[in-house]
Amino acid sequence: MTSEDVSIRTAAAADAAAIARVYAPHVEASYASFEEVAPAADEIARRMADPPALPWLVAERGGEPVGFAYAAHHRVRRAYRWSCDLSVYLDAAVTGRGVGTALYARLIPLVRELGHVSAYAAIALPNAASVRLHEAHGFVPLGTFRDVGFKRGEWRDVAWFHLPLVDPPPEPAEPRAWDGAL
């Protein structure tokens, strides 16, 4: 399987159960996510609808979701509205086959077009594959929070990465909500 065997589309509320299925192993069997209980489909659907709308994408192979990527609000305070956090999660069967790259190739231009200035990614360490993916898309390391989370019996570090989307304008226009179009 290659990334050509996968199609990327807008995620819909009807995809929440499949997204939860892809995400659950990252919560339950790894430290890639610091959540401790895998969210159910209704919680995923709630997150997808969190206003103002930001992109959620699904990678499909043979009509079955095998990965997803999304943008989230960087922080809740209003001055952060031009920044977003990006994440990608894949089914183990497609890891290392270009699916994450295909998802980010669609997601990054979307958040740029919506008026975001910066994108960030937090990567629990060690995770060489995720570091490579983010650096391949232009993310640069900012720093590492040492011993910031305890999961799976060990203290974990989290590296933060930054992707400048545009040069920061002196008077930025308001970022727009996503309408779901690719």
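The values are calculated or read from the model by the stated rules, or taken from the named source; none is laboratory data. As the structure is a computational prediction, the values presented were derived from the model and not from experiment. Quick reminder, even Gly has a Cβ in these numbers, built from the backbone with ideal geometry, and neighbours come from all protein chains shown.
Numerical summary
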{"quantity": "Residues within the stretch 145-173 that are among the acidic types (Asp, Glu) and not in a strand (DSSP E or B), tallied", "calculated": "2"}
{"quantity": "Of all residues making up the stretch 150-178, the number that are surrounded by 14 or more Cβ atoms within 10 Å (Cβ to Cβ) and small (Gly, Ala, Ser)", "calculated": "1"}
{"quantity": "Filter result for the condition that a residue is touching a Pro at 6+ places or on another chain (Cβ under 9 Å) and more than 19 Å from Phe139 (Cα to Cα), over Ala59, Ala41", "calculated": "Ala59"}
{"quantity": "Test: Glu135 is part of a strand (DSSP E or B), at pLDDT 95 or above and of a type in the set (D, E, K, R)", "calculated": "no"}
{"quantity": "Residue within the stretch 106-116 that is among the small types (Gly, Ala, Ser) and out of contact with any Pro (no Cβ under 6 Å at 6 or more places or on another chain) present", "calculated": "no"}
{"quantity": "Members of the stretch 122-132 that are assigned to a strand (DSSP E or B) and farther than 15 Å from Tyr89 by Cβ", "calculated": "Leu125"}
{"quantity": "Qualifying residue in the stretch 152-159 (condition: over 14 Å from the mean Cα position of the chain (by Cα), among the aromatic types (Phe, Trp, Tyr) and modelled with pLDDT of 95 or more)", "calculated": "yes"}
{"quantity": "Qualifying residue in the stretch 55-77 (condition: crowded, with 18+ Cβ neighbours inside 10 Å, more than 14 Å from Leu103 (Cα to Cα) and under 15 Å from the mean Cα position of the chain (by Cα))", "calculated": "no"}
{"quantity": "Tabulated pairs, the stretch 68-97, first part of a loop (DSSP other than H, G, I, E, B), second among the hydrophobic types (A, V, I, L, M, F, W, C) and surrounded by fewer than 20 Cβ atoms within 10 Å (Cβ to Cβ), C-beta under 8 angstrom, 6+ apart or interchain", "calculated": "Trp82/Val117; Thr95/Ala129; Gly96/Ala129; Arg97/Met1"}
{"quantity": "Members of the stretch 1-36 that are under 29 Å from Pro126 (Cβ atoms), aliphatic (A, V, I, L, M) and either surrounded by 14 or more Cβ atoms within 10 Å (Cβ to Cβ) or in contact with an Asp or Glu (Cβ under 8 Å, 6 or more places away or on another chain) (or both)", "calculated": "Val6, Ile8, Ala11, Ala18, Ile19, Ala20, Val22, Ala24, Val27, Ala32"}
{"quantity": "Subset of the stretch 29-56 [part of a loop (DSSP other than H, G, I, E, B), farther than 26 Å from Ala159 by Cβ and either touching a Ser or Thr at 6+ places or on another chain (Cβ under 7 Å) or of a type in the set (A, V, I, L, M, F, W, C) (or both)]", "calculated": "Ala40, Ala49, Ala53"}
{"quantity": "Selection status of Ala119, closer than 15 Å to Phe34 by Cβ, within 16 Å of the chain's Cα centre (by Cα), in a strand (DSSP E or B) and not hydroxyl-bearing (Ser, Thr, Tyr)", "calculated": "no"}
{"quantity": "Filter result for Leu182 (among the aliphatic types (A, V, I, L, M) and under 15 Å from the mean Cα position of the chain (by Cα))", "calculated": "no"}
